[in-house]
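Here's the structure, in structure tokens; my notes come after.
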Amino acid sequence: MKKKIWITVAVVVILTLVVGINIYRTYADSTANVKTETVKLEEMNSTVMTPGTLAMADESTLYQDGSKGELKEILVNEGDAIKKGDPIVSYENKDLEMEKEQNDINIESLYLRINSIDKQEKRLNEKKNDLADDVGEEEAEESMEAELDQVKMEKRMANLDLRQALLQRDRLKQKISDLEETSEISGVVLEANDSSAPQSTQMEKPILRIGSMENLIIEGTLSEYDTLNIEPGQKVTITTDVLPDEKWEAEVMDVGYLPQASSPEATTSAVQYPVSVKLKNAEDISLKPGFQMIMEIETESHEALTIPLEAVQQDGDESFVFVVEDGKAVKRQIETGSSTTKRIEVKKGLSEKTQVVVEAPDNLKDKMEVTVE
């Protein structure tokens with residue numbers, strides 16, 4: 001008898017559990033807990049995102065110039081801070097030194113020649129004056145005219161030769177001065193290759209690279225379509241995966257008029273235009289040239305209704321959201337517009353202050369009762 005009672009109790013308990021589970025499942029399928037956010041009217045910025053590389057706007061690369069002679073000495077070391085106009089490299093040119101010495105001798109010789117002609121002219125004039133006392137001034141003039149003209153011609157030719165030699169001296173001085181090259185910019189020596197390396201090696205790589213960290217830019221490329229919407233002066237937000245929590249302000253400095261030349265190894269025919277962006281506070285960035293950056297260029301700014309990206313779902317080509325009305329989730333088709341990394345514009349389908357479901361649960365259906373967390 002007791003055994004039958006326990007069996008009956010067990011059956012009742014099992015039936016109760018089954019009924020309870022079914023009731024719970026029915027209730028769970030008809031209700032859902034959701035999170036919501038309010039549709040906001042805010043300023044919406046249309047942006048173009050493109051990768052770029054941190055670089056220096058002021059950078060100078062110097063290669064060995066064989067036309068100046070042999071590289072004598074690199075006058076700066078890697079890491080040196082230098083100013084514009086400081087000497088950085090000197091050359092040695094023995095042929096140029098010999099040419100200068102020959103020019104100096106030629107100039108000295110011409111001065112001696114002119115001095116000799118002056119003395120000869122003076123003697124002829126004295127001779128003419130003495131002859132004038134004897135035969136008269138007119139006859140003396142006729143008698144000495146040929147010799148005096150010859151001396152004047154020689155003097156004129158000597159002066160022309162001297163002028164030419166002096167011009168050559170000035171050119172040689174400039175060439176000799178150019179044997180010591182100066183820096184075109186103020187900055188830091190980034191690379192200084194050993195001047196004692198073989199000349200063939202020196203010609204393949206720069207002997208000096210100088211750059212300024214005070215004027216950093218970011219260089220990247222744009223598609224054909226994006227170049228139509230981007231122009232100098234537009235606001236840019238800079239980020240990098242190296243420091244994900246950091247942001248820097250910048251502005252578009254230049255958009256290339258001609259497309260970037262593609263390399264022979266390129267596998268795509270897409271045309272890319274160079275773009276450069278200038279950081280507003282370069283001193284606030286601790287990264288080095290060559291770091292990979294992300295440029296978010298603001299192309300347009302307008303007021304729009306926005307919702308979180310997570311609220312939007314897709315049904316084929318159509319976008320929809322769930323809105324909360326009278327304790328129920330109501331499916332609402334919408335038309336979207338521009339977007340940022342977190343929010344998206346709603347052009348049609350919603351009004352301001354409407355509550356939309358964010359990250360809707362998988363079981364959420366139209367007209368389902370919901371509890372807002």
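The values are calculated or read from the model by the stated rules, or taken from the named source; none is laboratory data. Predicted, not measured: the structure shown is a model, and the values here were computed from it. Please note: Cβ atoms are built from the backbone with ideal geometry, for glycine as well, and neighbour counts cover all protein chains shown. With ligands, DNA and RNA removed, areas are computed over all heavy atoms of the protein, side chains included. Shrake-Rupley method; radii C 1.70, N 1.55, O 1.52, S 1.80 Å.
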So what is the relative contact order of the chain, in percent, for Cα pairs below 8 Å that sit 6 or more residues apart?
28 percent
Using modelled amide H (1.01 Å from N, peptide plane; none on Pro or chain starts), what sits under 5 Å from the amide H of Gln234, excluding residues fewer than 5 places away?
Val252
Quick one: which residues, 5 or more positions from Glu325 or on another chain, have an amide H under 5 Å from its amide H? H modelled 1.01 Å from N in the peptide plane, none for Pro or chain starts.
Val330
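Within a Cβ distance under 15 Å of Gly316, other residues only, what is the Lys/Arg minus Asp/Glu net charge? Please report the intermediate quantities before stating the final value.
Details: positive: Lys331; negative: Asp315, Asp317, Glu318, Glu335.
Result for the local shell: -3.
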Of the labelled options [x] 144; [y] 325; [z] 130, which one gives volume of the Cα convex hull per residue in Å³ as computed for this structure?
[y]
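Under the rule of -39500 (n - 2.57) per DSSP H run of 4 or more residues, summed and divided by the residues of the chain, what mean residue ellipticity at 222 nm is obtained, to the nearest 500 deg cm²/dmol? Intermediate results must be reported in sequence, preceding the final value.
On the way: 5 runs with 123 residues, N = 373.
Computed mean residue ellipticity for the chain: -11500 deg cm²/dmol.
Evaluate the relative contact order of the stretch 283-373 (contact order divided by residue number), counting alpha-carbon pairs under 8 angstrom at least 6 apart; express in whole percent. List each step's numbers first, then the result.
Numbers: 122 pairs, mean separation 26.2, N = 91.
Taking the mean separation of contacting Cα pairs over the length of the stretch 283-373, I get 29 percent.
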As I understand it, the dipole of the chain uses +1 on the Cβ of Lys and Arg and -1 on the Cβ of Asp and Glu, about the Cα centre. Which of Pro232, Val358, Ile344 lies farthest toward its positive end?
Val358
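Quick one: order Thr50, Thr237, Thr61 from most to least accessible surface, probe 1.4 Å.
Values: Thr50 15, Thr237 40, Thr61 65 Å².
The residues order as Thr61, Thr237, Thr50, largest area first.
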Simple Cβ-charge dipole of the chain, Lys/Arg +1 and Asp/Glu -1, about Cα centre, in debye nearest 20:
3560 debye
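For Tyr257, what is the net charge nearby, where nearby means another residue's Cβ is under 15 Å from its Cβ and Lys, Arg count +1, Asp, Glu -1? It would help to have the intermediate numbers written out before the result.
Details: positive: none; negative: Glu224, Asp226, Glu231, Asp254.
Charge balance in the 15 Å sphere: -4.
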Can you tell me what percent of all Cα-Cα pairs in the stretch 118-258 are more than 18 Å apart?
80 percent
Heavy-atom accessible area ranking, 1.4 Å probe, most first, across Val135, Val89
Val135, Val89
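Within the stretch 290-373, how many lysine pairs that are 8 or more places apart, or on different chains, have C-alpha atoms less than 16 Å apart?
Lysine pairs satisfying the spacing and distance rule in the stretch 290-373 number 5.
Looking only at the chain, where both bridge partners belong to it, what percent of the DSSP beta bridges are antiparallel (to the nearest 5)? Provide the component values of the computation, followed by the final result.
Details: 80 of 84 bridges.
For the chain, the DSSP antiparallel bridge percentage is about 95.
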DSSP-loop trypsin sites (Lys or Arg not before Pro) across the stretch 67-163, with at most 14 other Cβ within 10 angstrom
Lys83, Lys84
